[in-house]
1. Can you report the number of residues in segment A:111-133 which are more than 22 Å from the chain's Cα centre (by Cα) and in a helix (DSSP H, G or I)?
2. Identify, by number, the condition in (1) assigned by TED's automatic domain parsing to the domain that holds B:I210; (2) over 19 Å from B:S169 (Cβ atoms); (3) among the acidic types (D, E) that B:E59 doesn't meet.
3. Which helices (runs of 4 or more DSSP H) does segment B:1-66 wholly contain that include 2 or more residues that are acidic (D, E) and either within 14 Å of chain A (Cβ to nearest Cβ) or open to solvent by less than 20 Å² (accessible area, probe 1.4 Å) (or both)?
4. If we scan segment B:100-122, do we find a residue that is more than 28 Å from B:M358 (Cα to Cα), of a type in the set (V, I, T) and either out of contact with any Leu (no Cβ under 6 Å at 6 or more places or on another chain) or not in a strand (DSSP E or B) (or both)?
5. Taking segment B:298-330 on its own, how many of its residues are within 9 Å of another protein chain (Cβ to nearest Cβ) and touching a Pro at 6+ places or on another chain (Cβ under 9 Å)?
6. For segment A:228-281: of the residues being of a type in the set (A, V, I, L, M) and away from chain B (no Cβ under 14 Å), which is nearest to A:E326 (Cα to Cα)?
7. Taking A:R116, is it in contact with a strand residue (DSSP E or B) (Cβ under 8 Å, 6 or more places away or on another chain) and open to solvent by 10 Å² or more (accessible area, probe 1.4 Å)?
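The values are calculated or read from the model by the stated rules, or taken from the named source; none is laboratory data. Everything numeric here is computed off the predicted structure, so don't read it as measured data. Here the Cβ is made from the backbone with ideal geometry for all residues, glycine too, and neighbour counts use every protein chain on show. Heavy atoms of the whole protein, side chains included, go into the accessibility calculation; ligands, DNA and RNA do not. Shrake-Rupley method; radii C 1.70, N 1.55, O 1.52, S 1.80 Å.
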Amino acid sequence: MELRFTPEELAFRDEVRDFLRNAVPASIRRKVEYGQRLSKEEMVNWVQILNAKGWSCPAWAPEWGGQAWSATQHYIFKEELHMAPAPEPISFNMNMIGPVLIAFGTQQQKEHFLPRVANMDYWFCQGFSEPGAGSDLASLRTSAVRDGDHYVVNGQKLWTSTAHHADWCFVLVRTDATAKKQQGISFVLMDMKTPGISIRPIVTLDGHHETNEMFLDNVRIPVSNLIGEENRGWDVAKFLLGSERGGIARVGLSKFRVRRAKQLARKTPAGDGVLADQPRFRERVAALEVELKALEMTQMRVIADSDKFGHSPDPRSSILKMKGSELQQAATELLMEVAGYDALEYDHAFVTGEREVQHDDDWARTIAPNYYWVRHVSIVGGSNEIQHNILAKTLLGL
Amino acid sequence: MNFDFNEEQRMIKDAVDRLVADRYGFEQRARYLGEADGWSRELWASYAELGLLGLPFAEADGGFAGGPAETMIVMEAVGRGLLLEPYLASVVLAGGLVASAADEDQRAEILPPLIAGERLLAFAHSEAQARYDLADVDTRARRDRDHWVIDGCKRFVLHGDCADQLIVSARVSGERCDPDGIALFVVDAKAVGVSRRGYQTQDRLRAADITLDGVRVPLVALLGASRQALPLIEKAVDGAIAALCAEAVGAMQQAFDMTVEYLKLRKQFGVLIGSFQVLQHSAVDMLVMIEQARSMAYYASMMVNEEDVLERRRAIAAAKVQINRSARFVAQQAVQLHGGIGVTEECQVGHFMRRLSMIEILFGDADHHLAQLARDGGLIAADA
């Protein structure tokens, strides 16, 4: 048992920190710092800078472009990325389809897709949820009927985030209508340029267009785009959701927000002094910091054991998901309270990143939208209530 | 960084786990409670044989050079079995204080008999007016030629009733809460002028109130010849808090395991109550609280020897806050999910609640540590 960073790990942290200090373009760093949304070009540009260093998808198997880092190094990298602050590479590419292809793809699929996924030549989105299949994902109805060497796909997907940016979509479709729920589902890759796909924007509470509805009308997908076996797509989906859950804690991001709240509170008048000196505020921050530290350590424990679980996710990743989402939300609430009246003004162009930072107090304009936006993290990826069910079953045997 | 135990640590864990399983059942524990000291002298001898009493001490002092991780392993077992013996009070707290504050001759006099199980120590520090403030010492020691003369009252001395030797904090200069001018003295528990009132605590462990009335000790009784002992006291108490965190985790885990087992046995409305989603979710909430507490127990043991004192105190305060919150939630839920049987003496789950409620108070409650952490600037530096 060695619970401290070794000198090598500390040196690695410095290496990452130095790299990020120079590599993140100033305009992108400022947007992240101010809580603004990035454009598609900015995100692709940033991931390609990372990829040139070999760091866009470090968690992948080294033969496919990942880094042979220890669990601790992966942790350090993510932490430094969040605290820089730098944008986190698109989860659909790096945490979802990449690991899925490595685990389930054919040699040909891996060779074609993985380099393009890592470099964001292909931006992927996720076609899982449907109007009638949210938490109960396995009740999805989008059908795929075999026609020669194609599937003909019909149905409707919901919450297809970034579909309007995406080049490809990984989709869950029903290939056997007669089979029981989880059986009869397949996992396929769909080129977004295929005829028959239409997208309708859904604007979320933060005023931003991130997510969509997606309608599929006789979309023809080559059978060669099937991942894993036909009718065994549920196994692929479970694997994907498990690896997503671990990344969703975002401890570094919450730490960044708390640090930001502490900085801003020093400039926020309260009583005769500033908010940062008020004991009640300080204790509120400290309470959140305690929970974050505990989650950070829990995450390290899960990461340290990650090689013991192989393909099946560590059930404790559900804990990271639940607690991580709660604390992300708590951190945005804290920022709301620091901003006070300054959070009041709605400035759409600033939130979406169309208008650049002009004034010192611009920081407050994104506080409320981000608070509203972050409510989704306890719902997405299997709601926190679903995580309770998963843990009750897997860890407690109830 | 890795969380796996090495070979030696696994052996310690196996040994203490076996001891708890074989010798600390519900009935056995009740029997130890009935013994003269309120705990088992026979088991104490077994701890000595197993090397547990010497575990945290340096080899030069006759110990086995275990670190915080080894103490954590032992204390988790102490928590699981609700052990009654004075391991925390005598070995971790008072022993830890001697190890860091005493000079070589004093260590050679005090530690070997402690390690052999032939002598018990207690740390007589807290006073009725002090609450959780470690600097609040009103007991006085004055020099009288070749003696020190100590006067004062100590309250809640953990296992102070059975101790052979007391480590007494007393002020040699300054006002009541002055951080400077506190010294530590080795006092024979049977010395003239020492009177003790021993009592059972809510968790059925033992403590004592101790009055020192003109107690005369030789000059060599001044530990480490230091009159600035507060930093040493703080360090020893931080060590005890880290140990207590591990004990709490053991107790929580055991109470939780009992609760999950009960959910799989108890039937109402014709079905196992564990099939009810509301109870499943309560159990999961307990699990999350325990995992968070376990993480902070690790963190505490990782930081307890940190040389930057402010960093150490922040970490220990943070750990105690999490432990206290988890302990209260888990203990109360464990009783709640047991239903009526949970509030009875004959069901052990409530015994865990009693111990956990005492752990919450010992060395400072959550509010105390949160306020301290907030004053010290918290865990995340505001400056990048």
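1. Going through segment A:111-133, the residues more than 22 Å from the chain's Cα centre (by Cα) turn out to be A:111-112, A:132.
Applying the additional criterion that residues be in a helix (DSSP H, G or I) yields A:111-112.
So the answer is 2.
2. (1)
3. Working: elements: B:7-23, B:26-33, B:41-50.
Those helices (runs of 4 or more DSSP H) span B:7-23.
4. Within segment B:100-122, one or more residues are more than 28 Å from B:M358 (Cα to Cα), of a type in the set (V, I, T) and either out of contact with any Leu (no Cβ under 6 Å at 6 or more places or on another chain) or not in a strand (DSSP E or B) (or both).
5. Total meeting the criteria: 3.
6. Filtering segment A:228-281 down to residues of a type in the set (A, V, I, L, M) leaves A:236-237, A:240-241, A:248-249, A:251, A:253, A:258, A:261, A:264-265, A:270, A:274-276.
Right, trim to away from chain B (no Cβ under 14 Å) and you get A:236-237, A:240-241, A:248, A:270.
On the way: A:V236: 27, A:A237: 24, A:L240: 22, A:L241: 18, A:I248: 11, A:A270: 27 Å.
That would be A:I248.
7. Numbers: in contact with a strand residue (DSSP E or B) (Cβ under 8 Å, 6 or more places away or on another chain): no; open to solvent by 10 Å² or more (accessible area, probe 1.4 Å): yes.
So A:R116 does not fit the description; no.
Table: residues versus (1) surrounded by fewer than 20 Cβ atoms within 10 Å (Cβ to Cβ); (2) within 14 Å of another protein chain (Cβ to nearest Cβ); (3) under 29 Å from A:M322 (Cα atoms); (4) among the aromatic types (F, W, Y).
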| position | (1), (2), (3), (4) |
| --- | --- |
| A:H348 | yes, no, no, no |
| A:P369 | no, no, yes, no |
| A:I379 | yes, no, yes, no |
| A:S383 | yes, yes, yes, no |
